[in-house]
Amino acid sequence: MTRLLLLASVLALTACTVDENGNLVAAPGASSPARMNQAGTCFAFVTPEEGGTFTLTTGIGDGSRQPMGVPQTGLSAKAVDAAFAKERAIMDINPECLGIYAKPRAATP
């Protein structure tokens with residue numbers, strides 16, 4: 001019975017995360033979308049460049065308004081889609097990713 005109670009409490013906590021003020025809130029995927037500026041949120045987004053190329057920016061939010069990301073510039077559509085898919089797969093298994101903010105090339109204006 002004790003094991004069951006412990007398992008239930010662990011499962012309840014996995015649906016929560018801690019916000020910038022230390023408050024326990026619902027996990028980003030549970031009820032509200034993840035925000036890049038939220039500490040622990042892994043992000044990847046694609047932006048178009050001049051000349052038909054794209055930039056893929058990836059990183060992990062640190063709680064600042066504009067978290068630092070690592071840009072990969074000058075990518076073709078095929079290359080940016082492949083790089084995005086690879087980063088997105090890593091996010092799914094990375095234990096540091098408390099939330100995920102991912103916008104592929106198809107979501108760019």
For the stretch 85-109, which residues satisfy the criterion of being loosely packed, with under 15 Cβ neighbours inside 10 Å and in a loop (DSSP other than H, G, I, E, B)?
94, 95, 96, 108, 109
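Could you list, in sequence order, the residues of the stretch 63-75 that are open to solvent by 90 Å² or more (accessible area, probe 1.4 Å), at pLDDT 90 or above and either touching an Asp or Glu at 6+ places or on another chain (Cβ under 9 Å) or within 12 Å of residue 38 (Cα to Cα) (or both)? Give the steps one after another, and end with the answer.
At the first step, the residues of the stretch 63-75 found to be open to solvent by 90 Å² or more (accessible area, probe 1.4 Å) are 65-66, 68, 70, 73.
Subset that is at pLDDT 90 or above: 70, 73.
Result: 73, single match.
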Starting from residues that are part of a strand (DSSP E or B) and more than 16 Å from the chain's Cα centre (by Cα), keep the ones in the stretch 48-84 and report whichever is farthest from residue 100 (Cα to Cα).
74
Looking at this structure, is residue 41 of a type in the set (Ser, Thr, Tyr), closer than 18 Å to residue 96 by Cα and at pLDDT below 80?
no
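The values are calculated or read from the model by the stated rules, or taken from the named source; none is laboratory data. Remember, predicted model here, so these are calculated numbers, not experimental data. In this analysis, Cβ positions are derived from the backbone assuming ideal geometry, glycine residues included, and neighbour counts consider all displayed protein chains. Each accessible area value is taken on the protein alone, full model and side chains, heavy atoms only, with ligands, DNA and RNA left out. Shrake-Rupley method; radii C 1.70, N 1.55, O 1.52, S 1.80 Å.
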